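Some notes on the structure that comes next.
What follows is calculated from the coordinates using simple rules that are stated; it is not laboratory data. Since the structure is predicted, the reported quantities are computational estimates derived from the model, not experimental observations. When we count neighbours, we look across all protein chains shown, and the Cβ atoms used for this are built from the backbone with ideal geometry, even at glycine.
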Amino acid sequence: MHAIKPAFYTHLCKDGEMYVIFRWAMFNFRKQDPELNRAREYGKSIGIIPEQMPFEHLVDHPFD
C-alpha cells in the first residue's frame with residue numbers, strides 16, 4: 001500500500017462489491033453497508049473531500 005500517495009485512494013469493484021484502498025487502510029463493502037460510511041470518514045480524516053469519494057456511484061460504475 002506504500003505506492004498509494006497520502007490523501008489518495010484506489011478502488012476495485014466486482015458484482016456490486018467494492019474495495020477501497022488508502023495508503024494505510026482498506027475497506028470492503030456493498031452499497032448500503034455501514035462500512036461505506038467508515039471508508040468515507042477515514043478518507044475525510046486524511047484530507048479527501050467527500051465529493052471525491054462517490055462510492056455509491058462507483059460500486060455500479062467503477063470506470064467513471
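Once phi is turned into θ = phi - 60°, what whole-Hz ³J(HN,Hα) does the Karplus curve with 6.51, -1.76 and 1.60 give for every residue of the range 30-39, x standing for Gly and Pro?
10, 3, 9, 6, x, 4, 4, 5, 5, 5
Candidates (i) 23, 60, 17; (ii) 19, 44, 33, 4, 0; (iii) 20, 40, 23, 13, 5, 0; which is the computed P(r) over Cα pairs in 10 Å bins from 0, in percent?
Answer label, from the structure shown: (i).
Suppose every K and R has +1 on its Cβ and every D and E has -1 on its Cβ; what is the size of the dipole of the chain about the Cα centre, in Debye to the nearest 20?
Details: 8 positive and 9 negative charges, 60 e Å.
Result for the chain is approximately 280 debye, rounded to the nearest 20.
Using only DSSP helix segments of four residues or longer, with each worth -39500 (n - 2.57), what per-residue ellipticity at 222 nm results for the chain after dividing by its residue count and rounding to 500? Present the calculation step by step, with values, prior to reporting the outcome.
Values: 2 runs with 18 residues, N = 64.
Counting only the DSSP helices, I get -8000 deg cm²/dmol.
Working out 0.36 nm times the residue gap between LYS31 and HIS11, then minus their Cα-Cα distance, what length gain in nm do you get to one decimal?
Value of the extension gain: 5.8 nm.
If R₀ is 25 angstrom, what is the calculated FRET efficiency for the pair GLU56 and ALA3, using the beta carbon separation as r and rounding to 0.05?
Numbers: r = 26 Å, r/R0 = 1.04.
Using R0 = 25 Å, I get an efficiency of 0.45.
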